[in-house]
1. Does the range 44-60 hold any residues that are more than 27 Å from VAL218 (Cβ to Cβ) and either surrounded by fewer than 17 Cβ atoms within 10 Å (Cβ to Cβ) or without any contact (Cβ under 8 Å) to a residue 24 or more places away in the chain (or both), and which are they?
2. Taking into account only those residues within the range 286-317 that are at pLDDT below 95 and either within 17 Å of the chain's Cα centre (by Cα) or under 22 Å from TYR45 (Cβ atoms) (or both), which is surrounded by the fewest Cβ atoms within 10 Å (Cβ to Cβ)?
3. When you scan the range 266-285, do you find a residue that is loosely packed, with under 15 Cβ neighbours inside 10 Å, in contact with a helix residue (DSSP H, G or I) (Cβ under 9 Å, 6 or more places away or on another chain) and among the hydrophobic types (A, V, I, L, M, F, W, C), even just one?
4. Within 18 Å of the chain's Cα centre (by Cα), in a helix (DSSP H, G or I) and crowded, with 22+ Cβ neighbours inside 10 Å: which single residue out of ARG233, ARG209 fits that description?
5. What is the number of the single condition among (1) surrounded by fewer than 14 Cβ atoms within 10 Å (Cβ to Cβ); (2) hydrophobic (A, V, I, L, M, F, W, C); (3) modelled with pLDDT under 90 that LEU337 does not meet?
6. So which residues in the range 101-122 are under 11 Å from ALA140 (Cα atoms) and in a loop (DSSP other than H, G, I, E, B)?
7. Starting from the range 342-362, keep only residues that are farther than 19 Å from LEU307 by Cα, then list their pairs with residues that are of a type in the set (Val, Ile, Thr) and modelled with pLDDT of 70 or more whose Cβ atoms are within a distance under 8 Å, requiring at least 6 positions of separation or different chains.
8. Please go through (1) closer than 17 Å to ILE202 by Cα; (2) within 19 Å of the chain's Cα centre (by Cα) for PHE132 and return the number of the only condition it doesn't satisfy.
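The values are calculated or read from the model by the stated rules, or taken from the named source; none is laboratory data. Everything quoted here is computed from the prediction, not taken from an experiment. Cβ coordinates were reconstructed from backbone atoms using ideal geometry, including for glycine residues, and neighbour counts include every protein chain displayed.
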Amino acid sequence: MPPTLLTWAAPNASPRAGVVAAQDYVPELDGLRAIAILIVFASHYFTPGIPGGFGVTVFFFISGYLITTLLLREFQATGSIDLRSFYIRRFLRLGPALYCYLAVVVIWVAIQKGVIEPRAMAAAALYVFNYFEAIEGPSAYPMPLWSLAVEEHFYLLFPGVLLGVLVATRRHLLLAAAALITLPLAFRVIGSTCFAISSQYIYVATEMRIDSIMYGVVLALLLVNARTADACRRFASVPGMAVGVCLVLASLVVRDELFRQTLRYSVQGGGLLLIVNAILHGQHAQWLRRILSLQHLRYIGKISYSLYLWHLTVLVLLGEMVERRALIPAAAALSLLLAAGSYHWVERPMLRLRHKFGSHAR
């Protein structure tokens, strides 16, 4: 019999209790993904005044929450975490679509007789594009791949760390997660005030941004335990949601440069924790769950990974071929077409293959 991890939240404790333990697929999270990609899309296509970076932070949070939930469930069921199967599942989820994208970009640039940057392509393929951009600056053909590198570093390191903490001392899970939230903030403060580290490095480097993922980890840890889940449900209220929204808005409105380089991501993480908790568990959030579960919104969420890959590069490459007034509609249509094709012909076949390695997440 596997060792007991935590006391799981009882499924009948509230209308939404037990969602972490009982559901493989939470449709509202696809709706949140859709909102995140639409924010990023609007920022790149219409005006940089739209906070596209916040959309990326939402992606980070969702990844931390979902991955931690799945890993905790596996440990609860088996007493361990199969790291090999986890890494294979992650590769099958992310790798094929990325490498198809990179191959098409190389071919497209070659046909247009553009400059192919081998170092940039290698950095993208090896998931170190965030450090390439931080050190070398933007590539000739902008590729929004820095965030994929941050997530991949999390996927590589976190499961082993989580398993080690679970085996050694399960009582200190939240303390370990809190440390991983605090350290990046400390790095940002020290880097900004003592070493004049560039804002670009702070924005994209893994050690500076991993806390945006860790806030999702913390929510998963809170919801998996009956005692802390009860506390979370008490905060899953209209006031709790309002506080979360106010925190996010404050992070976007405050323009002080030191705040933006240090506390901004921490404030956003805390706000998202309250918002997502309210969405998942709030009795008064049924209307919001219905909106986030709308079929078309969920579909955009499902193709959001491929849409994130394609949208910016398509805009830049088409800009060399299409007159300006037609650029945005043409780029948007082509991005959606490529994203849908990638989802149905690359991602979904890989999803079926992932099931052989124990994946039931969508």
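1. PHE46, THR47, PRO48, GLY49, ILE50
2. VAL316
3. For the range 266-285, residues loosely packed, with under 15 Cβ neighbours inside 10 Å, in contact with a helix residue (DSSP H, G or I) (Cβ under 9 Å, 6 or more places away or on another chain) and among the hydrophobic types (A, V, I, L, M, F, W, C): absent.
4. Residue meeting the stated conditions: ARG209.
5. (3)
6. The answer is GLY114, VAL115, ILE116, GLU117.
7. ARG354/ILE88; PHE357/ILE88
8. (2)
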